[in-house]
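Comments concern the structure below.
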Amino acid sequence: MAALLLELPPPPFLNCNHHQFLSTSKTSLRLHNFPSKTPPPPPPTFTPTTTSCFLSTVTSSSISKEEKEKEPHSTAVASTKAPEEGSQQDRRKVVQIAWEKLVRWSRSWRSKNNKTDLLERTNKVVVLGGGSFGTAMAAHVAYRKSSLEVQMLLRDPLLCQSINENHCNCKYFPEHKLPDNVIATTDAKAALLDADFCLHAVPVQFSSSFLEGIAEYVDPGLPFISLSKGLELNTLRMMSQIIPQALGNPYQPFVLLSGPSFALELMNKLPTAMVVASKDKKLAHAAQQLLASSHLRISTSRDVTGVEIAGALKNVLAIAAGIVEGMNLGNNSMAALVAQGCSEIRWLATKMGAKPSTITGLSGTGDIMLTCFVNLSRNRTVGVRLGSGEKLDDILSSMNQVAEGVSTAGAVIALAQKYNVKMPVLTAVARIIDNELTPKKAVLELMNLPQVEEV
């Protein structure tokens, strides 16, 4: 839009000099030009009805106070105002045309690519895990098609009973009713039988053991859409590695869903945008068709590594942002810390083969902003309480959800050492979590790092 505006001609203006002067009548306003070789005419004399530009020979002293008061708005001012209004109308027209082109393109694209075949062919989706995000996505998919069977595979029989009897996950969303086609079960075999898609929402640190326990019931061709973010603490594995290895099938279809998305806002059907990443382009588009709706935009990507690393490391950075908030270090400090953290994530991700553009996209910058700056973030909450002086054990024991950044922090540093990447902020978080450094001392040490060129 800015580029379009810059291409517009500048508004016309009137230039009064010794080669030009304005003469007026009751019906017209004319601009007289005199060749530079012709002597200029004598300056016009000022009368109450004169509406010419004031030349340098007409001084304020030659105009009486009464005459000044009578002419607060000269015709010269009016003559410049009209072109400005015309120019503004031109600019508005350019903006209107640009917007209309965008709308036409959108309608044309939708008419050509509005594929509902996949959703029509999908009869059953299973969701592994009954946490807040797993519940929100189960409800979202169930609302997409009333005849779709959505089964949530849980370990807690009481929660399972509550969902089936009350149509509500009272642990996480006591005020939200789930669609009638969402069913909870503890029977892995029944849940996975004839499933068309599987949404994996089990926390990373428990995923391997959980999947190994149900592997015998998983069809080798069942696409897994992972909602989990983080790194396995001891092995440094990501979900794209954990799922196929735990299931004993290196060719298990895999898609990763990530981006700035709080479960509560998904439950409230607020506008959200996320990205699905898969090395299989067709599989990514299939997941897009399954999940995209009027309030959930789904982009596709083939950069699985970039999306996974950004999703895992942003949780650690959110703890750091929370510590800054808890210590009341101010907005300048917060902005500097998050900017530094974004750079550290980019350094490691690109060393691992990710695209820099992924780190500035939805799964990178988008998710980082949401997790670092909004109070609904679990990892940010942990950081705020650490910065306020609370002990980590007390914080974790009082939470009913998993803050992945706590367990991921140590794995991130091990991964950084493997790829020879320096990560001062995220390393400081890991040391604070390990109780080897206080938040106050960490800040002092970070501020005393060498002043270097920004990269």
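What is the residue count in the stretch 354-383 for residues that are assigned to a helix (DSSP H, G or I), β-branched (Val, Ile, Thr) and within 12 Å of the chain's Cα centre (by Cα)?
The number of residues fulfilling the criteria is 5.
Collect the residues in the stretch 403-428 that are closer than 15 Å to residue 347 by Cβ and either modelled with pLDDT under 90 or basic (Lys, Arg) (or both), keeping them in residue-number order.
To start, the set of residues in the stretch 403-428 that are closer than 15 Å to residue 347 by Cβ comprises 412-413, 415-427.
Residues satisfying the conditions are 418, 422.
Listed here are the residues, each with its yes/no results for (1) among the hydrophobic types (A, V, I, L, M, F, W, C); (2) outside the structural domain of residue 150 (by TED's automatic domain parsing).
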residue	(1), (2)
275	yes, no
279	no, no
283	yes, no
287	yes, no
292	yes, no
296	yes, no
313	yes, yes
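For residues in the stretch 219-233 being of a type outside the set (A, V, I, L, M) and touching a helix residue (DSSP H, G or I) at 6+ places or on another chain (Cβ under 8 Å), which is surrounded by the fewest Cβ atoms within 10 Å (Cβ to Cβ)?
Once the filter is applied, the top-ranked residue is 219.
Any residue that is within 27 Å of the chain's Cα centre (by Cα) and either basic (Lys, Arg) or in the same structural domain as residue 312 (by TED's automatic domain parsing) (or both) - is there at least one of those in the stretch 212-229?
yes
Would you mind stating whether residue 308 is surrounded by 24 or more Cβ atoms within 10 Å (Cβ to Cβ), of a type in the set (Asp, Glu) and in contact (Cβ under 8 Å) with a residue 12 or more places away in the chain?
yes
Of all residues being touching a residue at least 12 places away in the same chain (Cβ under 8 Å) and assigned to a helix (DSSP H, G or I) in the stretch 196-207, which is surrounded by the fewest Cβ atoms within 10 Å (Cβ to Cβ)? Just the residue, please.
Top of the filtered list is 205.
Please tell me if residue 351 is touching a residue at least 60 places away in the same chain (Cβ under 8 Å) and of a type in the set (Lys, Arg).
Criteria met by residue 351.
Scan the stretch 296-313 for residues that are of a type in the set (D, E, K, R) and part of a helix (DSSP H, G or I) and jot them down.
Result: 308, single match.
Please specify each residue of the stretch 339-356 satisfying the condition of being surrounded by fewer than 22 Cβ atoms within 10 Å (Cβ to Cβ) and among the hydrophobic types (A, V, I, L, M, F, W, C).
339, 347, 352
If you check 190, 215, 201, which single one turns out to be aliphatic (A, V, I, L, M), touching a Gly at 6+ places or on another chain (Cβ under 7 Å), at pLDDT 95 or above and over 24 Å from residue 316 (Cβ atoms)?
Matching residue, one of 190, 215, 201: 215.
Under the condition of being surrounded by fewer than 23 Cβ atoms within 10 Å (Cβ to Cβ) and touching a Leu at 6+ places or on another chain (Cβ under 9 Å), which residue from the stretch 369-383 is modelled with the lowest pLDDT? If you could, list the steps in order and put the result at the bottom.
Within the stretch 369-383, the first condition is being surrounded by fewer than 23 Cβ atoms within 10 Å (Cβ to Cβ), and the residues that meet it are 369-370, 373-376, 378, 381.
Retained after the next criterion (residues that are touching a Leu at 6+ places or on another chain (Cβ under 9 Å)): 370, 376.
Details: 370: 96, 376: 90.
Residue satisfying both the conditions and the ranking: 376.
Can you tell me which of 337, 270, 264 is outside the structural domain of residue 376 (by TED's automatic domain parsing), out of contact with any Gly (no Cβ under 8 Å at 6 or more places or on another chain) and touching a residue at least 60 places away in the same chain (Cβ under 8 Å)?
Just one listed residue meets the conditions, 264.
I'm trying to understand the selection: among the residues of the stretch 317-332, which are buried (at least 16 other Cβ atoms within 10 Å of the Cβ) and not in a loop (DSSP other than H, G, I, E, B)?
317, 318, 319, 320, 321, 322, 323, 324, 325, 326
Taking the stretch 150-195 as the search range and keeping residues that are part of a loop (DSSP other than H, G, I, E, B) and of a type in the set (S, T, N, Q), which one is surrounded by the most Cβ atoms within 10 Å (Cβ to Cβ)? Walk me through how you get there before you give the answer.
Taking the stretch 150-195 first, the residues part of a loop (DSSP other than H, G, I, E, B) are 154-156, 167-181, 186-187, 193-195.
Narrowing the set further to residues that are of a type in the set (S, T, N, Q) leaves 169, 181, 186.
Details: 169: 26, 181: 18, 186: 15.
Of everything passing the filter in the stretch 150-195, 169 is surrounded by the most Cβ atoms within 10 Å (Cβ to Cβ).
The values are calculated or read from the model by the stated rules, or taken from the named source; none is laboratory data. Values in this document were obtained by computation on a predicted structure and should not be read as measured data. Neighbour counts are summed over all protein chains in view; Cβ atoms, including those assigned to glycine, are modelled from backbone coordinates with ideal geometry.
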